[in-house]
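In what follows, a single structure is set out as structure tokens and then discussed.
No value in this document is a laboratory result; all are computed from the given coordinates. Note that this is a predicted model, so its numbers are computed, not measured. In this analysis, Cβ positions are derived from the backbone assuming ideal geometry, glycine residues included, and neighbour counts consider all displayed protein chains.
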Amino acid sequence: MKNPAPLFNFLEGAILLIDKPHSWTSFDVVKKVRNKIGIKKVGHAGTLDPLATGLLIICTGKKTKEIDTYQAQEKEYTGRFELGKITASYDAETETTDHQSISHLREEDILTATKNFIGEITQYPPAHSAVKIDGKRAYEMARAGQQVEMKSRQVTISEFEITKIDLPQIHFRVVCSKGTYIRSLANDFGKLLSVGAFLSSLCRTRIGTFKLSDAWQLDDLIQKIEDLKKA
């Protein structure tokens with residue numbers, strides 16, 4: 001069953017669960033849906049980076065008032081870190097640098113390292129992020145070559161599981177609080193192992209009780225909306 005809410009009464013309010021395509025921004029998806037359904041009140045509950053895929057909650061009409069509630073809920077992600085390299089964006093958006101040998105790493109080292117990130121931890125958001133500094137987006141300043149000083153934040157990681165080790169890639173599953181940057185987790189994980197790491201793949205699989213398995217593929221949803229208009 002897709003979307004546990006009235007689907008297509010958009011003005012009264014609908015909650016649309018969408019599997020965000022790779023390379024799309026969250027706002028790209030909002031804009032696409034807004035243009036198709038023809039109302040202005042459309043927003044999303046929790047940004048996904050362009051290179052990430054997975055669950056994006058789109059709210060329409062009166063349901064946009066509930067966006068903050070959904071944003072505050074626990075998130076679950078799966079993905080991959082690549083060890084032995086770092087990037088300025090902490091993901092695959094920018095070039096890799098500082099290549100390090102990982103031949104000495106043992107499986108035990110990798111599995112044990114996860115324990116340092118369970119519970120309430122301090123993170124620094126990536127400089128290439130949408131965090132605002134003096135009214136400007138951090139990523140705009142970073143891309144312009146400006147020095148960006150990020151403030152730390154407290155986040156909670158309740159589960160951090162390594163699901164597969166295929167060096168230099170390691171596969172993971174994380175359950176965390178609102179505001180957690182998985183890119184920062186990748187960077188910090190690499191620092192702890194003294195080899196560096198960046199986020200090479202990310203998929204959001206759950207927000208609260210909303211699951212990716214119940215989400216629409218964007219093309220299918222757009223087609224459904226078009227079919228309803230013709231009916």
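Values computed for the structure shown
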item	result
Amide hydrogen neighbours beyond the local backbone of Glu74, cut-off 5 Å, H modeled	Gly208
Loop trypsin sites (Lys or Arg not before Pro), segment 72-106 (other Cβ atoms within 10 Å of the site Cβ: 15 or fewer; DSSP)	Arg106
Computed over the chain: relative contact order in percent, which uses C-alpha pairs under 8 Å that are six or more apart	28 percent
With 5 Å bins from 0: P(r) over the chain, alpha-carbon pairs, percent	1, 6, 13, 17, 18, 15, 12, 9, 5, 3, 1, 0, 0
Of the DSSP H helices in the chain, those whose Cα atoms cover at least 27 Å axially and whose Kyte score averages -1.0 or more	none
